[in-house]
Amino acid sequence: MTVLFELGQYLEDMGVATHDVLFLGSRPEEPDTVLVVYEYPGGAPQYVQEHAAPIIERPQIQVVSRALKYEDADALIHDAWLALASIGNAVLGGVKYLSVRPNGSPGILDRDHHDRVLLFFNASVEKEVSFGVS
Amino acid sequence: MAAMSIGPIGSGLFSLQVTGLEECMMAAASIGPLMMEAVGEAVTAETIYELGLTQEQVPVLTGQLQLSGRVEAADEGFEIANAIAYGGPAGSGSNTENVDYALVVHEDLEAHHPHGNAKYVENVVRGEAESGRAFERMSADIQRMVQTRVSFGRAQLTLAGPYQQRHGKWLVGPGGKFIGSTQG
């Protein structure tokens with residue numbers, strides 16, 4: 001699994017978003033209310049002696065909530081923010097996570113062409129390297 | 001200029017003058033402000049350089065977003081910091097139109113751009129920092145600036161004239177620093 005699947009499963013397990021609301025890596029036009037987790041390039045990996053492959057990876061994630069009403073998008077993004085920011089020395093999907101650290105509090109990104117509000121935050125992840133997608 | 005003499009050593013009569021100590025101490029005292037000045041200039045140079053890198057990644061449609069790119073002083077209290085800024089009213093940078101979409105373009109990971117990409121500032125700043133390239137450039141800049149601007153006025157030792165301090169000895173440490181004196 002990768003960081004998206006591991007964190008997506010975690011958000012579902014924590015009751016932040018259900019399967020029909022949570023999307024990974026893409027934001028569909030429907031439904032109106034969605035929580036999306038993206039991954040984008042992060043920091044350099046960390047190597048340790050006698051291991052050819054990196055041990056620790058540091059991806060960046062972006063979490064976006066969208067809803068017709070500001071309050072709904074706001075509640076969703078803050079639940080996700082708190083759940084993810086609380087990860088520390090945890091095992092998610094069999095992978096060790098050292099930390100997920102938001103770069104700031106959630107803020108407004110935009111209103112789309114349906115006047116739906118989009119809120120977002122970025123976070124830095126530090127975790128054991130995931131190998132492949134199961 | 002500082003001058004001091006040393007008394008007879010053995011049977012010879014001579015004086016030893018150490019000059020340039022005050023200049024040396026003044027130069028040493030000036031390193032602090034000079035260092036801060038050098039760090040400030042290095043940070044500014046690095047920010048300007050990285051702004052140039054962001055210009056290669058910023059999406060271009062009308063060109064106004066690209067034109068709005070600029071370096072701003074960041075108010076971070078006592079820290080020396082600059083910011084790469086995009087967007088804002090006409091004239092914020094070289095843009096002639098209002099650019100109120102810089103954040104959306106920067107953060108929208110789903111948007112397709114024929115030229116450029118999202119995270120056009122973050123990717124650059126993070127990449128240059130994580131790779132150590134920014135640190136290496138700034139370190140070299142700071143070292144060069146400090147070396148250029150600080151002259152220690154080398155303390156000079158000269159033997160001249162008859163001794164002035166009978167039975168006295170001054171201790172002069174590395175770099176001409178006066179350590180103390182004894183009277184014998």
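With a cut-off of 13 Å between beta carbons, the residues surrounding residue B:124 carry a summed charge of -3, where Lys and Arg count +1 and Asp and Glu -1. Neighbour counts of other Cβ atoms within 10 Å put B:131, A:124 in the fewest-to-most order B:131, A:124. Taken along the Cα-to-beta-carbon direction at a fixed 7 Å, the label points for residue A:103 and residue A:51 span 2.6 nm.
Sorted from fewest to most neighbouring beta carbons within 10 Å, what does the list B:139, B:68 look like? Don't skip to the answer; put the middle values down first.
Working: B:139 12, B:68 24.
Going from least to most buried by this count: B:139, B:68.
Please report, to two decimal places, log10 I(q)/I(0) for the range A:50-134 at q = 0.16, 0.19 Å⁻¹ as given by the Debye formula with identical point scatterers on the Cα atoms and no solvent. For the range A:50-134 at q = 0.16, 0.19 Å⁻¹, log10 I(q)/I(0) is -0.69, -0.84. Cross-link partners for residue A:96 among the aspartates and glutamates, with Cα-Cα distance under 15 Å and sequence neighbours closer than 8 places in the same chain left out: A:6, A:57, A:126, A:128.
When peptides A:61-74, A:26-39 are sorted by average Cβ neighbour count within 10 Å, with the highest value leading, the order is A:61-74, A:26-39.
Near residue B:52, within a Cβ-to-Cβ distance under 13 Å, what is the net charge of the other residues, with Lys and Arg +1 and Asp and Glu -1?
Result for the neighbourhood of residue B:52: -2.
For A:97, A:40, the sequence from fewest to most other C-beta atoms within 10 Å is A:40, A:97.
Sum up the charges of everything whose Cβ sits under 15 Å from the Cβ of residue A:123, counting Lys and Arg as +1 and Asp and Glu as -1, but leave residue A:123 out.
Local net charge: -2.
The alpha carbon gyration tensor of the range A:9-53 gives principal lengths a ≥ b ≥ c with a/c of 1.5 or higher and a/b greater than b/c, which makes the shape prolate.
By how many degrees, 0 to 90 and rounded to 10, does the Cα axis of helix A:3-13 deviate from the longest principal axis of chain A? On a 0 to 90 degree scale, this one is about 60. What angle, in degrees between 0 and 90 and rounded to the nearest 10, separates the Cα long axis of helix A:70-85 from the longest principal axis of the Cα atoms of chain A? Tilt of helix A:70-85: around 10 degrees.
Every number here is computed from the coordinates shown, using simple stated rules; none is lab data. Not measured: the values here are computed from a predicted model. Neighbour counts run over all protein chains shown; Cβ positions are idealised from the backbone, glycine included.
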